[in-house]
Amino acid sequence: MKNTEILSNLEDQTSQIYRNLNQTSISALYKKQFQDIQSGMVAFFGIEKATLLEQLIKLADDSIDDNKLEQKLNDFRQLDHEKLIDYFKDEFERVFKQIADANKQDEIQALFIEYDYYYQYSSYIICCGKQNYPIIEVPRYISNEYDYNKEVYLVDDGVNFQLAWIDCKEFSEFKYLGIQSELEKLFQLQSRVLLHKALALLDEDKKLNLFKNIPFTIYINEHDCEVMMLYRIG
């Protein structure tokens, strides 16, 4: 799989989330929730249906919070991509230096960048040994597709995402609408695009020649979640 295809997949995943958020509003989501509950498509507990529907229709008619979503999407649009790519390049070079200092580069054929959750910005990187690694076009679980016991080295202070993952906690009050999680996913997916571009620049500079076992693959995922391919050499 070519890196142009990997980048295209990463960009498509980001664009889909952005389009969904950009085409809606908080009041529109309350309206949809009203319609889903009224039609019986969504179950609810702990409150009378009539009372819940009355509350939802009032929220759907109130557009006062819609501006909050637009402001956050504007934050997304104003991300400084060049600055973040340069930052991620430095982060990767720091990680590669640690691997080289440990003299583990010749044993490694894949890197797995993992993070625990959105506000735990620092990742850790699991370096795995020689074997066949899967091609991934759409995020999926792959624990049965390779031997994860062939861990060679662990970088416990991996890439830090704080500059790219913008705080979205102000949307926690809308937790039943899923706005906070979708916004966080948007910033995470965009950071994957920028990570890929940082790796491409390092590849151009021959910095990825550190790794001799080809094909060499770099993956990314949240812990215990679906894995996505980030970059592939060879």
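The values are calculated or read from the model by the stated rules, or taken from the named source; none is laboratory data. From a predicted model like this one, the values you see are computed outputs, not experimental measurements. As a convention, Cβ positions derive from the backbone with ideal geometry for all residues, glycine included, and neighbour counts pool all protein chains shown.
Go through region 148-185 and give me each residue that's touching a residue at least 40 places away in the same chain (Cβ under 8 Å), surrounded by fewer than 18 Cβ atoms within 10 Å (Cβ to Cβ) and part of a strand (DSSP E or B).
If the condition is that a residue be touching a residue at least 40 places away in the same chain (Cβ under 8 Å), surrounded by fewer than 18 Cβ atoms within 10 Å (Cβ to Cβ) and part of a strand (DSSP E or B), then 160 is the only one that fits.
Looking only at residues in region 53-70 that are in a helix (DSSP H, G or I) and over 29 Å from the mean Cα position of the chain (by Cα), which one is nearest to residue 41 (Cα to Cα)?
Of all residues in region 53-70, those in a helix (DSSP H, G or I) come to 53-60, 66-70.
Those left that are additionally over 29 Å from the mean Cα position of the chain (by Cα): 53-60.
On the way: 53: 14, 54: 17, 55: 18, 56: 15, 57: 17, 58: 20, 59: 19, 60: 18 Å.
Filtering region 53-70 for residues that are in a helix (DSSP H, G or I) and over 29 Å from the mean Cα position of the chain (by Cα), the one nearest to residue 41 (Cα to Cα) comes out as 53.
Going residue by residue through region 145-167, is there one that turns out to be among the charged types (D, E, K, R) and under 11 Å from the mean Cα position of the chain (by Cα)?
No.
If you check 189, 195, 202, 208, which single one turns out to be touching a Ser or Thr at 6+ places or on another chain (Cβ under 7 Å), within 24 Å of residue 10 (Cα to Cα) and buried (at least 17 other Cβ atoms within 10 Å of the Cβ)?
From the options 189, 195, 202, 208, the qualifying one is 189.
Given the residues 76, 88, which is the only one that is within 30 Å of residue 32 (Cβ to Cβ), part of a helix (DSSP H, G or I), of a type in the set (Phe, Trp, Tyr) and out of contact with any strand residue (DSSP E or B) (no Cβ under 8 Å at 6 or more places or on another chain)?
On the way: 88 fails: within 30 Å of residue 32 (Cβ to Cβ).
Result: 76 is the single residue among 76, 88 that is within 30 Å of residue 32 (Cβ to Cβ), part of a helix (DSSP H, G or I), of a type in the set (Phe, Trp, Tyr) and out of contact with any strand residue (DSSP E or B) (no Cβ under 8 Å at 6 or more places or on another chain).
Report yes if residue 48 is of a type outside the set (Ser, Thr, Tyr) and within 23 Å of residue 167 (Cα to Cα), otherwise no. Outline the logic, then answer.
Working: of a type outside the set (Ser, Thr, Tyr): yes; within 23 Å of residue 167 (Cα to Cα): no.
In short, no.
Could you please give the count of residues in region 92-124 that are within 25 Å of residue 165 (Cα to Cα), of a type in the set (S, T, N, Q) and either in contact (Cβ under 8 Å) with a residue 12 or more places away in the chain or in a helix (DSSP H, G or I) (or both)?
3
Tally up the residues in region 215-224 that are in contact (Cβ under 8 Å) with a residue 40 or more places away in the chain and exposed (fewer than 12 other Cβ atoms within 10 Å of the Cβ), please.
So the first thing to find is which residues in region 215-224 are in contact (Cβ under 8 Å) with a residue 40 or more places away in the chain, and the list is 215-223.
Okay, now just the ones that are also exposed (fewer than 12 other Cβ atoms within 10 Å of the Cβ), so 223.
Number satisfying all stated conditions: 1.
Tally the residues that are closer than 19 Å to residue 130 by Cα and under 11 Å from the mean Cα position of the chain (by Cα), restricting the search to region 203-226. Reasoning before the result, please.
Within region 203-226, the first condition is being closer than 19 Å to residue 130 by Cα, and the residues that meet it are 208-220.
The next check asks that each one be under 11 Å from the mean Cα position of the chain (by Cα); those that pass are 220.
Qualifying residue count for the region: 1.
Checking the condition surrounded by fewer than 19 Cβ atoms within 10 Å (Cβ to Cβ), closer than 28 Å to residue 221 by Cβ, without any contact (Cβ under 8 Å) to a residue 60 or more places away in the chain and small (Gly, Ala, Ser), which residue from 39, 27, 8 passes?
Matching residue, one of 39, 27, 8: 8.
Could you check, for region 34-53, whether at least one of its residues is at pLDDT below 90, aliphatic (A, V, I, L, M), touching an Asp or Glu at 6+ places or on another chain (Cβ under 7 Å) and under 26 Å from residue 185 (Cα atoms)? If you could, list the steps in order and put the result at the bottom.
Keep residues of region 34-53 that are at pLDDT below 90, which gives 34-53.
Okay, now just the ones that are also aliphatic (A, V, I, L, M), so 37, 41-43, 47, 50, 52-53.
Now narrow it down to the ones that are touching an Asp or Glu at 6+ places or on another chain (Cβ under 7 Å): 42.
Still in the running and under 26 Å from residue 185 (Cα atoms): 42.
So far as region 34-53 goes, yes, one or more of its residues are at pLDDT below 90, aliphatic (A, V, I, L, M), touching an Asp or Glu at 6+ places or on another chain (Cβ under 7 Å) and under 26 Å from residue 185 (Cα atoms).
Filtering region 1-32 down to residues that are closer than 22 Å to residue 134 by Cβ and not in a helix (DSSP H, G or I), which residue is modelled with the highest pLDDT?
Of everything passing the filter in region 1-32, 2 is modelled with the highest pLDDT.
What is the one condition in (1) under 18 Å from residue 185 (Cα atoms); (2) out of contact with any helix residue (DSSP H, G or I) (no Cβ under 6 Å at 6 or more places or on another chain); (3) among the hydroxyl-bearing types (Ser, Thr, Tyr) that residue 118 does not satisfy?
All conditions are met except number (2).
So in region 11-24, with the set limited to residues that are surrounded by 15 or more Cβ atoms within 10 Å (Cβ to Cβ) and in contact with an Asp or Glu (Cβ under 8 Å, 6 or more places away or on another chain), which one is farthest from residue 192 (Cα to Cα)?
21
Across region 54-92, what is the total count of residues that are surrounded by 15 or more Cβ atoms within 10 Å (Cβ to Cβ) and over 20 Å from residue 24 (Cβ atoms)?
Looking only at that region, the number is 8.
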